[in-house]
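Taken together, the values in this text are just the output of simple stated rules run on the coordinates, not laboratory data. Because the structure is a prediction, the values reported are computed rather than measured. Positions of Cβ are generated from backbone atoms using ideal geometry, with glycine treated the same way; all protein chains shown enter the neighbour counts.
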Amino acid sequence: LSDGPLKGRHVLVTSGPTHEPIDPVRYIANRSSGAQGTAIAEALAALGARVTFVTGPATAPRPRGVQVIEVETAQQMLDAADAALPADAAICAAAVADWRVTSAAGSKLKKDGSGKPPTLDFAENPDILRTLSTHARRPRLVVGFAAETDDVIANATAKRARKGCDWIVANDVRPETGIMGGPENAVVLITEGGADEWPRLTKAETARRLAARIAEALA
Ligand code: C5P
């Protein structure tokens, strides 16, 4: 571990998508690459933090210098996050599936010749950010993300209250911004004090700024 302002601190980072199985060979997923979460984990480690990185099946390369825990589903991500406590801070950058398939089959679904497609039943997944925010062993600083397409500041401010977290890192993911899946990000940091608009930066630079703010908050 490098010497730095986060030396002796433990930070939990969730990252990447989750996969929710339909049957043994099929799943429901989303387009999260895990790039921003990975960059945040590396930036925190560079400031000396011990980082537990809980990731779904992300396409981004795994961060270096951190403990990586690979999971598939939202429920597994919650269990891994819970097992990683206590932590000084939790950064929930994962794009967790809102629903899982309750009727997930033990064997591969097959066409039965009737021409009638199967019906999938869904149940709501646990909300990891909310769970950590209201946890008996709540990290001192809990940070969530908000991917918005409209009214970024208003929606993210409402999300901060709803989730019970300290900060929301909001970004505009309208396709024309090229942010989702791209190398850059333009975020608004929502804290108790209001909204702070950051310039468009690489995800690595956004991560370094966020890590520096986290170090200040935990100092
Ligand atoms: O409103 P939404 O659920 O999309 O908020 C996104 C934020 O909540 C992100 O920080 C995401 O990591 C977190 N989240 C979570 N568990 C869920 C859903 C979202 O931790 N089941």
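Relative protection proxy for 170-178, 42-50, from highest mean packing down: 42-50, 170-178 (other beta-carbon atoms within 10 angstrom). Compared with the dominant principal axis of the Cα atoms in the chain, helix 74-84 is inclined by about 40°. Identify the residues of region 24-64 with backbone N under 19 Å of a label point that sits 7 angstrom from the Cα of residue 147 along the Cα-to-Cβ direction, or state none. Of the residues in region 24-64, 27-41, 54-63 have backbone N under 19 Å from the label point off residue 147.
So the label point goes 7 Å from the Cα of residue 177 along Cα→C-beta, right? Which residues of region 133-166 then have their backbone N under 17 Å from it? Answer for region 133-166: 144-160.
So, counting K/R as plus one and D/E as minus one, what does the shell of residues with Cβ under 11 Å around residue 122 add up to? Residues close to residue 122 contribute a combined charge of -3. Its relative contact order, with pairs defined as Cα atoms under 8 Å and 6+ residues apart, puts region 81-150 at 50 percent. Relative to its residue count, region 68-129 spans a Cα convex hull of 109 Å³ per residue. The angle between the Cα long axis of helix 152-163 and the main principal axis of the chain comes to about 80°, on a 0 to 90 degree scale. Note on residue 7/residue 158: beta-carbon distance plugged into 1/(1 + (r/R0)^6) with R0 of 25 Å gives a FRET efficiency of 0.10. Nearest 10 degrees, 0 to 90: what angle lies between the long axis of helix 35-46 and the longest principal axis of the chain (Cα atoms)? Around 40 degrees separate the two axes. At 0.692 mPa s and 37 °C, plugging the Kirkwood radius over alpha-carbon pairs of region 24-142 into Stokes-Einstein gives what diffusion coefficient in µm²/s? It diffuses with D of about 204 µm²/s by this estimate. Along each principal axis, taking the top coordinate minus the bottom one, the Cα set of the chain gives 63, 36, 32 Å in descending order.
Sparsely packed loop sites in region 149-219 (the trypsin sites (Lys or Arg not before Pro) outside DSSP H, G, I, E and B with at most 16 other Cβ atoms within 10 Å) comprise 200.
For every helix of n ≥ 4 consecutive DSSP H residues, a contribution of -39,500 (n - 2.57) applies; sum these over the chain, divide by its total residues, and give [θ] at 222 nm rounded to the nearest 500 deg cm²/dmol. List each step's numbers first, then the result.
Details: 5 runs with 57 residues, N = 219.
Taken over the chain, the calculation gives -8000 deg cm²/dmol.
Multiplying the residue separation of residue 28 and residue 120 by 0.36 nm and removing their Cα-Cα distance gives an extension gain of 32.0 nm.
For residue 116, give me every one of the lysines with a C-alpha distance below 24 angstrom, ignoring sequence neighbours fewer than eight places off in its own chain. The qualifying lysines are 108.
Pairwise over distinct Cα atoms, reciprocal of the mean inverse distance: report the Kirkwood radius of region 150-194 in Å, one decimal place.
On the way: mean 1/r = 0.0899 Å⁻¹.
This gives a value of 11.1 Å.
In what sequence, highest mean first, do 182-193, 7-18, 111-122 appear when ranked by Cβ atoms within 10 angstrom? Please report the intermediate quantities before stating the final value.
On the way: 182-193: 16.5, 7-18: 24.5, 111-122: 9.1.
Result, highest mean Cβ count within 10 Å first: 7-18, 182-193, 111-122.
This model, with +1 at the C-beta of Lys and Arg and -1 at the C-beta of Asp and Glu, gives the chain a dipole about its Cα centre of some 420 debye.
Counting every alpha-carbon pair across region 134-210, the share separated by more than 14 Å comes to 60%.
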